[in-house]
Amino acid sequence: MSPRHVVPAATETPPGPDVLTAHGLVRHFGGLRAVDGVDLTVPPRQVTAVIGPNGAGKSTLFHCLAGAQRPDEGRIRFRGRDITRLPDHRRARLGIARTFQVVSVFPSLTVADNLRVGAENRAGASAAARLLGLPDAAGGRTRQAVERALELAELTDVADVPAGRLPTGTLRLVELGRALAADPSVLLLDEPASGLDDAETARMRALLRRLAGEGLAVLLVEHDMELVFGVADTVYVMAAGRVVASGTPDAVRDDPAARAAYLDPLAGDGEPAPGPGGS
Ligand SMILES: Nc1ncnc2c1ncn2[C@@H]1O[C@H](COP(=O)(O)OP(=O)(O)OP(=O)(O)O)[C@@H](O)[C@H]1O
């Protein structure tokens, strides 16, 4: 049995609600094709992971999806709408939220205030409502969004603590909470387990499953294979700008191309090969 590409290609996916797709994405830097013809689907209610060796093009793909970089070729669609040329802040308004590889919270603001920034980033409509003299409705929506995000990210206990006093693991959750406060339908996570210890990674994994269960389309670019193989519904393996394999974690784990490009060398480096079902 060949398990490769068991996920339908982006072109075959109907433009259903909250599906983010990329088709034929190319991004080059001079002569280097950092992303070289990538098709990818990020469906709701699922965790989709992108893995691959250093320099494979994962971050470049992520930046193209988030709107921080423009692809040179190809199309990105959300809910069937072409958003390829839409800048990142406009994508945020549509409900595509992201986190950053290097945590970028405001250290002097409390956790709740950091999340409020996320809620207001999305709330172009709220700002307009305020101008129109509807402060309570807008403020109420923001408050609700912050409270919900605090609860989802399990940050209620530290809501009033300045973010700068919190350890890295909690700051990753603050970063995620800020994205959630924007009430997204797509969540793009850039190495969410970076700097987390085992217990924090387990907490992150449970949180990502819960978010997918609540209907979000979650995409993560991640080096932590325990997290990826424990949480993802679909894994894309990139090497030299291309997707060399994709499918369920089980299918990818057995895929010769995935093994050759990434998993076997990774295990050979002394890092644990992802076991069945993750940790
Ligand atoms: N701004 C840039 N200018 C020139 N080359 C770049 C730029 N950004 C990325 N590259 C190159 O594009 C290729 C893909 O890089 P990218 O960061 O997307 O890979 P990656 O899979 O995310 O790697 P890592 O796991 O190390 O973060 C690499 O060869 C990298 O050097």
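Read the figures in this text as sums done on the coordinates, not as results from a lab. On a predicted model such as this, the values are computed, not experimentally measured, just so you know. Heads up, the Cβs are rebuilt from the backbone with ideal geometry, glycines too, and the neighbour counts pull from every protein chain shown.
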(message) Can you give me the long-range amide H partners of Ala245? Hydrogens built in the peptide plane at 1.01 Å from N, cutoff under 5 Å, separation of 5 or more residues or another chain.
(response) Val237
(message) Using 0.36 nm times the number of residues separating Ala240 and Arg93, minus their current alpha carbon distance, what extension gain do you get?
(response) 49.7 nm
(request) Can you find, among Leu227, Leu196, Ala153, the residue farthest towards the positive end of the dipole of region 153-227? Put +1 on the C-beta of Lys and Arg, -1 on that of Asp and Glu. (result) Ala153
(request) Scan around Arg98 for amide H atoms under 5 Å from its own, H built in the peptide plane at 1.01 Å from N, and keep only partners 5 or more places away or cross-chain. (result) Leu188
(request) Convert each backbone phi in region 193-206 into a coupling constant with the Karplus relation 6.51 cos²θ - 1.76 cosθ + 1.60 (shift: θ = phi - 60°), then list the ³J(HN,Hα) values in order as whole Hz, x for Gly and Pro. (result) 9, 4, x, 8, 7, 4, 5, 5, 5, 4, 5, 4, 4, 5
